[in-house]
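Structure first, commentary second.
The values are calculated or read from the model by the stated rules, or taken from the named source; none is laboratory data. Quick caveat, the model's predicted, so the values are computed rather than measured. Here the Cβ is made from the backbone with ideal geometry for all residues, glycine too, and neighbour counts use every protein chain on show.
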Amino acid sequence: MIPTHTLSRFIRAQERLHPGSTGELSELLSSIALGVKLISQIVTTAGFKGLYGYSGRTNIQDEQTRLLDEEADQVLVEILGSSGHFGLLVSEEQDSVIATDARQENAKYIVAFDPLDGSSNIGSNIPVGTIFAIYKKLDGRGPAKVDDFFQPGTQLVAAGYSVYGAKTTFVYSTGEGVHDFTLDPSIGEFVLTEKSIKIPERGNIFSINEGNSPYWEEGTKNYVSLVKTLDKSRGYPYSSRYVGSLVADFDRTIRKGGIFLYPASTKHPKGRLRLLYECIPLSFIMEQAGGMAVDGTEKRVLDIVPEDIHERCALVVGSRHDVKEYLSSVYDPKKA
Ligand code: AHG
Ligand code: MN
Ligand code: MN
């Protein structure tokens, strides 16, 4: 089969549907896709290049960074920093925002990314990935400023993620559906695999780290015992799946349906995941695929305005039916 629908051709075709579009968005996404291809290559060969170890540095998340985290970070800082389109970068691995040369030319866009998600799984052949969120800087204020990142996810220009697994997946949305591509290493191109992904209205998989159950709030405890009840009339019990790489758990959820939860707990009072470059981009994708994304309360993640580039957020995402069941376990436990 001749792969006619490569990522760059697909993005350009999508842009042509909008008269007057400048083609800049396709260049943005192509630069991210190039970064993902390079990281995919690094991840594949990391084992024998001694990249599994720790770098000796501790990042602002108070987590020990691995050499592979830093390699992936370096790739994206280089590629996105030199693309000419992004004035400022935020990376999970960089304590503060990074100003690029393009900032002086008033570059219109800013990008936040998790260069390598799932670091705890590095060294075992479990999928890891990259997550990104693209905003336009606020108009009329000159070069981009750090508070240009303090916009709700409803203002996103584009968001996406990749999964480095048995294949390299690239999933993105510009607000007109969620599109899925697979890297064909023989031609070095991402080829369209699924257009306009839609999550099932209900699934039968729940995904949460049950090792944290002693720290959970009542609502989470109620919900997890509900999905483990033997009650065929309500479609329970569900299967449990937890990879420990957000991108892998999320990618399974959006394709098969069900629910992923990293809720607030006494161990992680604001949740463990990061709002700007994990929760917001993936919530944008989930809503574009017809699912729901809340912060563990009824609050829609996309309505949250970040106040710090590294702030954390609780995350409950997935099929509408399942997220609503979670919320009724939190707010109306008797009904659940
Ligand atoms: P990162 O590797 O970018 O720090 O992200 C790790 C996150 C996420 O990938 C995953 O869902 C979560 O950590 C797993 O946390 P637990 O090990 O506490 O379950
Ligand atoms: Mn992560
Ligand atoms: Mn990471």
Return the residue satisfying two criteria in turn: it lies in region 195-246 and is among the charged types (D, E, K, R) and part of a helix (DSSP H, G or I), and of such residues it is farthest from ligand 2 (Cβ to nearest atom).
Lys232
Selection status of Leu282, in contact (Cβ under 8 Å) with a residue 24 or more places away in the chain, closer than 20 Å to Phe132 by Cβ and either in contact with a strand residue (DSSP E or B) (Cβ under 9 Å, 6 or more places away or on another chain) or among the charged types (D, E, K, R) (or both)
yes
Considering Ala112, Ala99, which residue is more than 18 Å from Glu63 (Cβ to Cβ) and modelled with pLDDT of 95 or more?
Ala99
Considering region 83-119 alone, what residues qualify as being over 20 Å from Ala158 (Cβ atoms) and of a type outside the set (A, V, I, L, M, F, W, C)?
Glu93, Gln94, Asp95, Ser96, Asp101, Gln104, Glu105, Gly118, Ser119
Within region 110-155, of all residues that are surrounded by 22 or more Cβ atoms within 10 Å (Cβ to Cβ) and farther than 18 Å from Glu92 by Cα, the one nearest to ligand 1 (Cβ to nearest atom) is Pro127
What number goes with the only condition from (1) in a loop (DSSP other than H, G, I, E, B); (2) touching a residue at least 40 places away in the same chain (Cβ under 8 Å) that Leu192 does not pass?
(1)
When the residues of region 74-90 are filtered to those that are over 17 Å from Phe150 (Cβ atoms) and touching a Pro at 6+ places or on another chain (Cβ under 8 Å), which remaining residue is farthest from ligand 2 (Cβ to nearest atom)?
Val75
Testing Asp147 on (1) under 21 Å from Phe86 (Cβ atoms); (2) under 19 Å from the mean Cα position of the chain (by Cα); (3) not in a strand (DSSP E or B), one condition comes back false. Which one is that?
(2)
The lone exception for Arg252 - which of (1) in a loop (DSSP other than H, G, I, E, B); (2) under 23 Å from Asp180 (Cα atoms); (3) of a type in the set (Lys, Arg) it fails:
(1)
Meets criteria (in contact (Cβ under 8 Å) with a residue 12 or more places away in the chain, buried (at least 22 other Cβ atoms within 10 Å of the Cβ), of a type in the set (Ser, Thr, Tyr) and in contact with a Leu (Cβ under 6 Å, 6 or more places away or on another chain)) for Tyr262
yes
Assess whether Arg57 counts as being among the basic types (Lys, Arg), closer than 30 Å to Ser196 by Cα and either part of a loop (DSSP other than H, G, I, E, B) or more than 16 Å from ligand 2 (Cβ to nearest atom) (or both).
no
Meets criteria (crowded, with 23+ Cβ neighbours inside 10 Å and closer than 22 Å to Lys198 by Cα) for Asp322
yes
